[in-house]
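This report refers to the structure that appears directly beneath it.
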Amino acid sequence: MLPKSSKNNKQLNLFQPQLRDMLDSNDPLIALADAIDWSYFEKEFAKYYSNEGRPAKPIRLMVGLLLLKQLENLSDENIVLQWKRNPYYQYFCGMKEYQPALPCDSSELVYFRKRVGKEGVEQIFAMSVSLHGKDVQEKQVIIDTTVQEKNVTYPTDGKLAIKMIHHLHNIAKEEKIQLRRTYVKEIKGHRISLRFFRHPKKIKKAKSAMKRLKTITGILIRDLSRNMNKAQLEKYQETFNLFLKVSKQKQKDSNKIYSLHEQHIYAIAKGKEHKKYEYGTKASIVMTQKSNVIIGVAAHKINEHDSKTLKAALSHANKHRVKPIKEAICDRGYRGKKEVEGTTISIPDKPKKRDTKYQKEQKRKKFRRRAAIEPVIGHLKSDYRLARNYLKGFIGDEINLLLAAAAFNFKKWMNHFFMLLFICKITLLATLLMRIKPKERQKYADLYLLLYRLW
């Protein structure tokens with residue numbers, strides 16, 4: 001149920017100071033809290049709540065916690081704890097007075113993400129884009145793809161087989177079925193055989209262990225199926241089909257399953273020397289050429305060529321603009337497309353003989369500027385939780401990508417605010433010093449030196 005709207009009554013605690021009065025009003029987080037239209041989220045997210053049940057947490061609190069989590073690169077558990085300790089976080093989430101207690105349980109953030117879904121997070125991202133005003137309407141954009149790795153262990157046939165066997169043991173325990181044999185002691189020996197399986201002297205032994213583990217998986221599935229009634233079989237049929245598919249897949253098969261709980265992920269080779277394959281989903285980033293504002297993102301469920309990802313990325317970016325994008329600057333990985341939905345795709349190629357010296361220089365500058373998206377992707381991964389995604393399912397990939405891009409845009413706005421405040425302070429100091437008489441300026445030599453260094 002939606003919480004009752006808090007009326008600004010004058011019957012507040014007069015003896016307790018207001019939170020805003022205790023904080024630095026020039027802090028960028030305070031400025032961002034004042035710049036965001038929180039009433040927009042309260043109106044748009046009201047449809048996700050019912051009129052029954054206990055009152056929910058305030059919408060501003062939950063949206064603020066999601067944003068702070070991405071901005072500070074914290075987990076659900078840590079952001080709730082840090083909120084209690086940090087009065088700036090509390091003001092950002094709409095508190096009028098300091099709260100010594102936790103705002104909510106960390107699991108509330110999971111339920112809130114499920115409640116608003118991808119559509120709700122898209123509105124948060126749209127708000128982060130709209131704060132940048134005219135910078136969003138640039139004619140040229142830069143597009144690139146990266147890998148959003150999932151929080152899964154490195155997949156091997158042996159690991160998957162052992163996990164499936166343990167899962168089958170749990171099913172037998174839950175349904176109270178007596179297995180003819182559990183193979184527990186034998187599995188321990190095979191687990192040891194799988195250690196250092198890439199070593200030339202252990203490859204043969206490891207392969208036979210993997211083969212035997214797959215055989216055991218099939219034996220246990222058949223044993224369980226014989227002892228189950230019709231209702232139990234229907235309940236676990238999907239799980240059994242999945243396990244059989246995993247046990248039968250081979251090294252060079254397409255559409256392989258790399259994780260039992262994240263079946264949608266796929267292996268992506270980006271040509272990195274230190275990491276040959278990455279396991280997750282491909283993500284497209286669309287960024288303005290001059291101002292470096294992220295105006296569009298897209299997560300791709302299928303591992304397709306970069307040129308085929310352009311349509312989804314550009315359509316998402318055009319949603320947040322008045323005029324469509326005229327030109328998209330890409331790297332050579334996007335070869336094969338010259339135009340997508342009215343947008344020209346520019347890819348670096350060899351200079352033509354008929355090009356003038358000026359044209360060659362302009363092309364060189366344009367494609368050299370394309371490299372600006374690489375550090376942006378690096379910041380998204382290292383600072384805004386894009387390096388490893390802990391949210392479940394493909395919907396989790398989409399939500400995490402949108403929140404990371406929104407956090408980047410909000411942080412960019414905060415940096416601009418800080419720079420404007422810094423310039424205003426220097427200008428004011430310079431104006432005051434210029435009004436001092438020339439004879440008295442010797443007294444303020446240190447201030448002049450400080451101003452020169454700051455400038």
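Considering only C-alpha atoms, what is the centroid distance from the range 216-237 to the range 117-151, in Å?
After rounding, the separation between the Cα centres reads 47 Å.
Based on Cα positions only, what radius of gyration and what Dmax would you give for the chain, in angstroms?
Over the chain's Cα set, Rg and Dmax evaluate to 28.5, 103 Å.
Please express the Cα-Cα pair-distance distribution P(r) of the range 112-163 as a list of whole percents, one per 10 Å bin, running from 0 to the bin with the greatest distance.
Bins of 10 Å from zero give 16, 23, 29, 19, 10, 3 percent of pairs.
Using the alpha-carbon atoms, what tilt in degrees (0 to 90, nearest 10) does helix 184-193 show relative to the longest principal axis of the chain?
Around 60 degrees separate the two axes.
Can you run phi through the Karplus equation (6.51, -1.76, 1.60; θ = phi - 60°) for the range 141-148 and list ³J(HN,Hα) in whole Hz, with x for Gly and Pro?
10, 10, 10, 8, 10, 9, 10, 9
Restricting to DSSP H runs of at least four residues, report the calculated mean residue ellipticity at 222 nm for the chain, -39500 (n - 2.57) per run over all residues, nearest 500 deg cm²/dmol.
-16500 deg cm²/dmol
Over the chain, give the accessible area per residue in Å² for a 1.4 Å probe, as an integer. Each step should come with its number before you reach the end.
Working: 27370 Å² over 455 residues.
Heavy-atom SASA per residue in the chain reads 60 Å².
Mind ranking 183-189, 24-30 by how tightly packed they are, going by the mean number of other C-beta atoms within 10 angstrom, highest first? Intermediate results must be reported in sequence, preceding the final value.
Numbers: 183-189: 12.6, 24-30: 14.7.
Top of the packing list down: 24-30, 183-189.
Per-residue counts of other Cβ atoms within 10 Å, averaged by peptide: what ranking do you get for 242-249, 268-275, highest first?
Working: 242-249: 17.1, 268-275: 9.8.
For the peptides 242-249, 268-275, the packing ranking is 242-249, 268-275.
Can you tell me the Rg and the Dmax, both Å, for the Cα atoms in the range 98-198?
For the range 98-198, the Cα-based Rg and Dmax read 24.7, 71 Å.
How high is the relative contact order of the range 244-306, given as a whole-number percent (alpha carbon pairs under 8 Å, six or more residues apart)?
Details: 71 pairs, mean separation 13.6, N = 63.
RCO, the range 244-306: 22 percent.
Hey, rough spin-label estimate for K276 and V322, points 7 angstrom out along Cα→Cβ, what's it come to in nanometres?
According to this spin-label approximation, the distance is 5.3 nm.
Round to the nearest 10 and give me the degree value, 0 to 90, for the angle of helix 157-174's Cα axis relative to the longest principal axis of the chain.
70 degrees
Quick one: which of K252/K381; K282/K366; K43/K114 span more than 23 angstrom between C-alpha atoms? Don't skip to the end; give the middle numbers.
Values: K252/K381 30 Å; K282/K366 25 Å; K43/K114 18 Å.
Distance filter (> 23 Å) returns K252/K381; K282/K366.
When ranked by the protection proxy of mean other Cβ atoms within 10 Å per residue, highest first, what sequence do the peptides 105-111, 66-72, 175-181 form?
Values: 105-111: 14.9, 66-72: 21.9, 175-181: 11.0.
Top to bottom by mean Cβ count within 10 Å: 66-72, 105-111, 175-181.
Taking 0.36 nm per residue of sequence separation and subtracting the Cα-Cα distance, how much length would be gained by fully extending the chain between K202 and E42, in nm to one decimal? Mind dumping the intermediate values first?
Working: separation 160, 0.36 × 160 = 57.60 nm, distance 6.08 nm.
Additional length available on full extension: 51.5 nm.
Would you mind computing, in nm to one decimal, how far apart the modelled labels at E72 and K185 are, each placed 7 Å from Cα along Cα→Cβ?
Taking the simple label geometry, E72 and K185 are separated by 5.4 nm.
Averaging sequence separations of C-alpha pairs under 8 Å and six or more residues apart, then dividing by the length of the range 188-337, give the relative contact order as a whole percent.
Details: 129 pairs, mean separation 16.5, N = 150.
Dividing the mean separation by the residue count of the range 188-337 yields 11 percent.
Pairing the Cα long axis of helix 76-85 with the longest principal axis of the chain, what angle in degrees results, from 0 to 90 and rounded to the nearest 10?
Helix 76-85 sits at roughly 30 degrees to that axis.
Quick one: if the Förster radius is 56 Å, what FRET efficiency do K250 and D135 give, using the C-beta to C-beta distance and rounding to 0.05? Could the numbers behind the result be given before it?
Numbers: r = 51 Å, r/R0 = 0.90.
Computed FRET efficiency for K250 and D135: 0.65.
Given a cut-off of under 8 Å on Cα pairs at least six residues apart, what relative contact order in percent is computed for the chain?
Working: 535 pairs, mean separation 90.2, N = 455.
Computed value for the chain: 20 percent relative contact order.
The values are calculated or read from the model by the stated rules, or taken from the named source; none is laboratory data. Nothing here was measured: the structure is a model prediction, and the numbers come from that model. Quick reminder, even Gly has a Cβ in these numbers, built from the backbone with ideal geometry, and neighbours come from all protein chains shown. The area values use the complete protein model at the heavy-atom level, side chains included, leaving out ligands, DNA and RNA. Shrake-Rupley method; radii C 1.70, N 1.55, O 1.52, S 1.80 Å.
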